[in-house]
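To keep things clear, I will list the structure first and then write my remarks on it.
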Amino acid sequence: MRPSGVWATAVGVARVRALETEREDALFRDPLAQAFAAAGGLWPSSPPPEDEAARRRRLAVSLSIVIRTKFLDDLLRQASAAGVRQVVLLGAGMDSRAFRTHWPEGTRLFEVDTAAPLDFKASVLRRERAVARCERITVAVDLREDWPSALAAAGHDPASPTVWIAEGLLIYLPEDAVDLLLARIGARSAAGSRMGLTLGSRGVIERFGADAGPGSAASMWVSEMPDDPVGWLAGHGWEAVGHTLRERAAAYGRPVGTPPQHEEGPGGLISAVRR
C-alpha cells in the first residue's frame, strides 16, 4: 500500500523525524520514523532538485515539524505527571508516541485516523516487531464523520481527564470543521483535561501554499489560526497559552534568527487546560 491523499503527508513528517533522530543534538528520538519513511518510499532521504527559495521553505517546514514534536512531547509528559491517563491522537498518522514515550502505568492511548493510514502503519509495526509502552487502541474513523461515537465504542471515558493532540491537522480542515471538532472534544473533556494544537499562522497559506505543486501538503492547507487564538479557545471552554515556533525554537536551542517573513515556519503552538 502506497500513501496517497492527505494522509501521505504523515510519511513526509516521519521522514523529518527520522532526520532529526540522526542528529547528535536531537530534540527527540523516534526509532520508528525511518521505517515509516522507508515503507512510504521516502528513505533513504535526499532533497529534490529545488531553487534557493524552495529550499528555504522546505527547511522552514521541516523545522516547524521538529519544534512542534518537541513541544507536544513536553505537553504529554506534563499531562502524565498531572495524572492524566487517557491520550487521544486525532489524525494520528505515523505518530509513534505509544512506542517511544515512557508512559505511566494505566495509560490508554487512542489513535484516531482513517483505515488506510492505520493499516499502513500496522504493517510497518509488525515488520519492526514494535511493542507499545501503554495500552494502544486504534480507532478507524474519518474525523469528518461521527468519530466521538467510534471513540466511545473503543472505550474512551469522558468522565476522566484526557489529553488531546491535534498535530498538523487543523490546517487541513475548513474553519467550520475546526469549530465542530473543538466542540466535540469539549463534550468529551472532563475538568483537568489538556489539549495540544498546532495552527497555521496568519498568512501561511499565502506564503507557503501559493506556489505549492498539486498534491503537495501546502496545496491542501485551507485554514489559519484566528487573530486571537487564546480568546477563541476560551469561547470553547479552554484556558489556553499560545506560542510561536520562533519562541519555542529559541527555547529548545534551535534559534531561527530573523529571516524574511516568507521564510518563517508555518504555524503556532497552543497548550490548553479544561477547568
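Figures for the structure shown
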quantity: Segment VAL131-ASP157, length gained on full extension (0.36 nm per residue, minus Cα span); calculated: 7.0 nm
quantity: Average projection area in nm² (convex hull over Cα atoms of the range 1-159, one quarter of hull surface); calculated: 10.4 nm²
quantity: Burial ranking of peptide ranges 172-184, 64-76 (average Cβ count within 10 Å, highest at the top); calculated: 64-76, 172-184
quantity: Listed peptides 120-132, 158-170, 49-61 by packing density, highest first (mean Cβ within 10 Å); calculated: 158-170, 120-132, 49-61
quantity: Integer Hz, Karplus 6.51/-1.76/1.60 couplings in order for the range 11-27, x for Gly and Pro; calculated: 6, x, 5, 4, 4, 4, 5, 5, 5, 5, 4, 6, 6, 5, 9, 4, 6
quantity: Size of electric dipole in the range 1-127: Cβ of Lys, Arg +1 and of Asp, Glu -1, about Cα centre, debye, nearest 20; calculated: 140 debye
quantity: Cβ-Cβ FRET estimate between GLU22 and ASP146, R0 fixed at 35 Å, reported to 0.05; calculated: 0.30
quantity: With every protein chain in place, the range 21-131: carbon and sulfur % of accessible area (1.4 Å); calculated: 50 percent
quantity: P(r) of the range 23-104 over all Cα-Cα pairs, binned every 10 Å from zero, in whole percent; calculated: 14, 40, 33, 11, 2
quantity: Convex hull projection area averaged over all views, the range 129-185, Cα basis, nm²; calculated: 5.2 nm²
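The values are calculated or read from the model by the stated rules, or taken from the named source; none is laboratory data. Please read all numbers here as calculations on a predicted model, not as lab measurements. With ideal geometry, Cβ positions are generated from the backbone for all residues, glycine too; neighbour counts draw on all protein chains shown. Quick note on the areas: whole protein, heavy atoms, side chains included, nothing else; ligands and nucleic acids left out. Shrake-Rupley method; radii C 1.70, N 1.55, O 1.52, S 1.80 Å.
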